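The values are calculated or read from the model by the stated rules, or taken from the named source; none is laboratory data. Quantities reported herein were computed from a predicted structural model and do not represent experimental measurements. Note that we place each Cβ from the backbone using ideal geometry, even for glycine, and neighbour counts take in every protein chain shown. Areas reflect the complete protein model, heavy atoms only, side chains present, ligands, DNA and RNA absent. Shrake-Rupley method; radii C 1.70, N 1.55, O 1.52, S 1.80 Å.
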Amino acid sequence: MIKAAILGYGTVGSGVFNVIKSNSRLVNERAGQEIEIKYVLDLRDFPGDPVEKVLTHDFEDIIGDPEVKIVIEVMGGINPAFDFTKRCLEEGMNVCTSNKELVAEHGLELMKTARENDVNYFFEASCGGGIPIIRALNDCLTADDIDEITGILNGTTNFILTEMAEKGTGFGKVLKQAQANGFAERDPSADIDAFDPARKLAILASIVFGSSVDYRDIYTEGIRHITAEDIKYASTLGYAVKLLAEAKRTEDGVRAYVAPFLVDPSHPLYPINGVMNAVYVHGNMLGDAVFTGAGAGSLPTASAVVADVIGAARHDGKRAYCGWKHDEKLALASNDSVKRKYLVRILTEDEGNANRVFSPEGFLDTISIGELEDEIAFITPELSEEEFNTKAKAFGKVISRIRFY
Ligand code: HSE
């Protein structure tokens, strides 16, 4: 038998408790031994909940108990999760987490502490919820040189963009609906301003490219500015707007982007709708692979956490391989020279100026978009980021612009 403790009985923590209880027979069989939850740490009380029997309000109960070999940190946030995780690893306890903020910020340091103490720090659930992507990169794709990883890594924003496309509703209204349905946080900034997928991309890119990618170095643009009209233009052209998180090795080094893109129907991420997440990987031997599944939610996330718990039980006393291993930070290459086409919306009166500055092949028919008499739109020729930004500055008022993927 191996004893475990859960730190945090929120959405994911209660899911983990549930998965371990509901699937106990197969979880134990696959772990090779019985997994017993000895403690659940939370500041709150849960009268009538089965967790009451193992609930504690004091972390010292867990850290002081030599029987605890696996700690499941699902508190979220940096503090006190960082201190608790570090102390558990130093005490020789394995730690499994879904905490993407903590992994993106201190993952390498925590893995080093785990290494020094002969235990493992697992974080499958930190990216893509229930999708098995981290284990796929660390185990299944180790024969490949991966040169690109691109994902839809945020369920909330994918849900918002899908609803906007399917119902023609504006961003603000869909966000309010998403909050009312529990799909979006009351403070949705990490999702809609895309820091959440940037953190997840940083974790995945660190595993793929070996050195730490700092999410703050990744060009990050959210979806706050995307309007119902932008989405209508996209669908009129046969495209979807998707918030993509991409890291790619190029001749200049590794480049990374998180931004809304116009994605065409032939792209594997085009059909990923609603709260689903997906990750596209390109390997030099494998070619293309796409991993799709529930990117958020209590049970899907808990499923990935419990798989890590099983992994920790199987690796008791052994170190698991992780591709993210070098101490030095990965300096990302500039995106300035990346060439793309852009969909640009401008005021009708600026048509002549647009012709001079952007040289578009023509202007789009906006009749089907409706009620946009004062504006016109065009697709630019391929331009580098730098060229586009210089032209846009010289041009003046651009209503909106979205990159084609
Ligand atoms: N807020 C996140 C999302 C939760 O919407 O994807 C899962 O990390």
Cross-link pairs beyond the 29 Å C-alpha cut-off, checked among K176/K232; K167/K339; K100/K341; K176/K248; K173/K248; K100/K339: K167/K339; K100/K341; K176/K248; K173/K248; K100/K339
Computed label-point distance, nm, for sites L26 and D139 using a 7 Å Cα→Cβ extension: 1.5 nm
Those residues of the stretch 57-85 whose amide nitrogen sits under 11 Å from the label point placed on R44, 7 Å along Cα→Cβ: none
Local electrostatic count, K248, Cβ distance below 12 Å [Lys/Arg +1, Asp/Glu -1]: -3
Mean-position separation - Cα centroids, the stretch 118-186 and the stretch 290-336, in angstrom: 14 Å
Accessible carbon and sulfur surface of the chain relative to its total accessible area, %, 1.4 Å: 48 percent
For the stretch 41-125, with +1 on Lys and Arg beta carbons and -1 on Asp and Glu, the positive-most of F82, V54, L43 along the dipole: F82
Over the stretch 92-225: Kirkwood hydrodynamic radius from C-alpha pairwise inverse distances, Å: 16.2 Å
Sites N389 and N18 - FRET efficiency at Förster radius 30 Å, r taken between beta-carbons, to 0.05: 0.05
Pairwise FRET efficiency - M285 versus S359, Cβ, R0 = 41 Å, nearest 0.05: 0.50
Ranked by how many other beta carbons lie within 10 Å on average, peptides 276-285, 320-329 from highest: 276-285, 320-329
Under 5 Å, built H, 5+ apart or other chain: amide partners of L244: A259, F261
Segment K53-K176, extension gain: residue separation times 0.36 nm, minus the distance between their alpha carbons: 40.5 nm
Amide H partners (placed H, <5 Å) of Y342, local residues excluded: T380, F404
Average accessible surface area per residue within the chain, 1.4 Å rolling probe, Å²: 43 Å²
Per-pair calculated FRET efficiency, R0 = 45 Å: E90 and A331 via Cβ, rounded to 0.05: 0.90
Kirkwood-type radius of the stretch 87-147, with distances r between different C-alpha atoms, in Å: 12.4 Å
Under Karplus coefficients 6.51, -1.76 and 1.60, residue-wise ³J(HN,Hα) of the stretch 71-83 in Hz, glycine/proline x: 10, 10, 8, 10, 7, x, x, 8, 10, x, 4, 5, 4
Under-5 Å amide H pairs with C96, H placed in peptide plane, nonlocal only: V71, I72, E73, F122
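Obtain the radius of gyration and the Kirkwood radius of the chain from its C-alpha atoms and give Rg over Rh.
Over the Cα atoms of the chain, Rg/Rh equals 1.03.
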3J(HN,Hα) from dihedral phi, the stretch 135-144, Karplus parametrisation 6.51/-1.76/1.60, rounded to Hz, x for glycine, proline: 5, 4, 5, 7, 10, 6, 10, 6, 7, 9
Per-residue HN-Hα couplings for the stretch 252-269 [Karplus 6.51, -1.76, 1.60; θ = phi - 60°; Hz; x = Gly/Pro]: 8, x, 7, 10, 9, 9, 10, 6, x, 10, 8, 10, 8, x, 7, 7, x, 8
The chain, relative contact order in percent, only Cα pairs under 8 angstrom and at least six apart counted: 18 percent
